[in-house]
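In what follows, a single structure is set out as structure tokens and then discussed.
The values are calculated or read from the model by the stated rules, or taken from the named source; none is laboratory data. Computed from a predicted model, the values in this text were never measured in an experiment. Ideal geometry is used to build each Cβ from the backbone, glycine not excepted, and the neighbour counts take in all protein chains shown. What goes into the accessible areas is simple: the full protein's heavy atoms, side chains included, and nothing from ligands, DNA or RNA. Shrake-Rupley method; radii C 1.70, N 1.55, O 1.52, S 1.80 Å.
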Amino acid sequence: MLSVGVAAVVLLSSLGAMNGPVVLETKAEKDARMGWWRDARFGMFIHWGLYSVPAGEWNGKTGYGEWLMEEAHIPVDTYEKFLPQFNPVKFNADDWARMAKDAGMQYVVITTKHHEGFALYDSKTDPYSVMATPFKRDVMKELSTAVRGQGLEMCWYHSIMDWHSPLYIPARAWNPRAGKEKNLDAFNKYLRSMVTELLTNYGPIGVMWFDGEWESTWSDKYGKPLYELCRQLQPNVIVNNRVSNSRSGSMEDASESEVGDFSTPEQFIPATGISGVDWETCMTMNDHWGYNKHDTHWKSSAQLITNLVDVVSKGGNYLLNIGPRSDGTFPVEAVERLHDIGQWMHVNGDSIHGTTASVFDKLSWGRSTTKRRGDSTSLYLQVLDWPKDGKLVVPGVGSDPIKAQLMTGALVDVVRNGANLIVSVPTEAPDAVCSVVLLELKGAPIIYKAPKISAPSEILVGPMKVAIDAGSSEMEIRYTLDGSDPTTTSIQYMGSLTVDGTTTVRAASFHHGKLVSPVTSMTFTKVTPKPAVDAGSTVTGLSFKQYKGDWDLCPDFETLTPESTATAQDFDYPMLHGAARESVGRLYDVFIDVPADGVYIFGLTSDDGSKLWIDGDVAVDNDGLHGTV
């Protein structure tokens, strides 16, 4: 039985398999297309629209932002009254572009149209645009010229979800005008027309940043062709994973089945990055994306610099948001923070731009980024906790050092102490937030770390392959299967290991015949599969019971009386909105056809909670959580 908790809007959306790549290209071709974006590491996000006019306030409440129309249930006819009030006479595209450049940002992403449906450019597809306001100037035309004039990449955000269009589904119950025609195929044509305008009339665009794809009406049926359209119109454009609903719910997980070129964690930094995947954390400076004059909860400049360093050290990009005011100016607090970040980047920008993730798993004093330079490697040591004794310990480095220097250019001494390198630095930190030391190494970095043991599962029913990675081709891995610690005479890992029973694998890294890492251990347990169940006579579809209630966690549905029973074709969810959507749960009762004995992984993607039982045992517990488990 599958118990769906309160408002579990998206169920199992990340489990759908794709049928091959959306656009064929080689790895080298994709690397070339993604090159500038991977080097940039830092960009400006801009959320601007009609919602900047009320500035977060409506009917006495002051907690709104760009979601004002939805959250305050403002009908289209009422919301359109903001049009004659939108007149940003102080808008200066050159000022915006210069501030982005001075802050060390290398690309700008702006909302060409947010969920409210209002376009900030001269659209021939929909007159509901900036040309219908007293301003009557194409913001995108002016900004794209200014951004490129600063040597930055111009990028578009464009919403899939549209509360203004009468074609969009699901229509909002509180909006008497929207949804009268209810034709998502027609809406898709409208959306594609607007995207075509944006990728045809404004020169080369670096990124198409889609959003709002999570509603169950949008699917790969629309998302995959939309990705293809973008690549057809501009073959070099980069498209985020929100173009289709294949993206994983947690935004930390990603797979080759996803449509789009990079993942988009929002308002958080993945603890260890997202291995093997291009990703970008987008984050606000305060608590809102769109301008809210009452929001004074600004992150400090120090926190924003630390976030930038943290993201880039984990191999990601940092997209930092600005919510301009309705007069076309940035809030003073945002300008101050951009200036502070720019001051830091002026000295330390080389530790951000063109770098890759840290070669260290963890550093006690801060973070690090990496840059290969022919026969040498630059490690940028981003020190958040400056050593008071003037001795910066760089742990587990097998490569020989060439030199070390502060980002001001001053050389400092570096010596080896066993497996560690010791950099002599001033006792006073050069920067109050994050001081950076450049450490040059010979060749590729050789870092002593415990090898990583990986396998599809820690349980098995038959032979299973196990992989061991030391993180460097210079390292030699030796392992044991009898519980003892590896030595120089233990079995050498040669790229292949298969276990076929309960086994403990213990592995360690060796360099020049010496043990240089801790021992890593993982136990694999052989299990007996659950016996098959005779399903008897079945019918196609998923039987479910639907319940109403006010829950924060999944209730015991078996003790409740359902309001209805029915059959669904997928783990979908009713098209409800507002309070009604927050008070519905479903209990599914289905059979799963398992083709062969083996280990299978199930996942639940939900907003407010979901659980999966198999034969009465809880297999996945995603109750009360947001994301995928």
I'd like to know if the stretch 231-239 contains one or more residues that are within 30 Å of S606 (Cα to Cα), open to solvent by 10 Å² or more (accessible area, probe 1.4 Å) and assigned to a helix (DSSP H, G or I). no
Can you name every residue in the stretch 379-400 that is surrounded by fewer than 19 Cβ atoms within 10 Å (Cβ to Cβ) and assigned to a strand (DSSP E or B)? K391, V393
Of the residues in the stretch 488-517, those that are surrounded by fewer than 17 Cβ atoms within 10 Å (Cβ to Cβ), in contact (Cβ under 8 Å) with a residue 12 or more places away in the chain and part of a loop (DSSP other than H, G, I, E, B) come to T488, S496, D500, G501, T502, G513
Would you point out the residue of the stretch 43-67, among those that are assigned to a loop (DSSP other than H, G, I, E, B) and either surrounded by fewer than 20 Cβ atoms within 10 Å (Cβ to Cβ) or among the β-branched types (V, I, T) (or both), that is nearest to the chain's Cα centre (by Cα)? W67
Which one is farthest from the chain's Cα centre (by Cα), of the residues in the stretch 68-103 that are under 30 Å from G342 (Cα atoms) and among the basic types (K, R)? K90
Report, ordered by the first and then the second residue, all pairs with beta carbons closer than 7 Å, sequence separation of six or more or different chains, a first member in the stretch 137-161 that is open to solvent by 60 Å² or more (accessible area, probe 1.4 Å), and a second member that is among the β-branched types (V, I, T). R137/V130
Filter the stretch 426-477 for residues that are without any contact (Cβ under 8 Å) to a residue 40 or more places away in the chain, part of a loop (DSSP other than H, G, I, E, B) and within 30 Å of D597 (Cα to Cα) and give the result. P463
Is there a residue being outside any strand (DSSP E or B) and over 26 Å from the mean Cα position of the chain (by Cα) anywhere in the stretch 203-226? yes
Would you confirm, using the coordinates I've provided, whether D485 is in contact with a strand residue (DSSP E or B) (Cβ under 8 Å, 6 or more places away or on another chain), among the charged types (D, E, K, R) and assigned to a loop (DSSP other than H, G, I, E, B)? yes
Condition check: buried (at least 21 other Cβ atoms within 10 Å of the Cβ), touching a residue at least 60 places away in the same chain (Cβ under 8 Å) and outside any loop (DSSP other than H, G, I, E, B). Does Y190 satisfy that? no
Checking the structure you have, find out if any residue of the stretch 346-359 is part of a strand (DSSP E or B), modelled with pLDDT of 95 or more and surrounded by 18 or more Cβ atoms within 10 Å (Cβ to Cβ). no
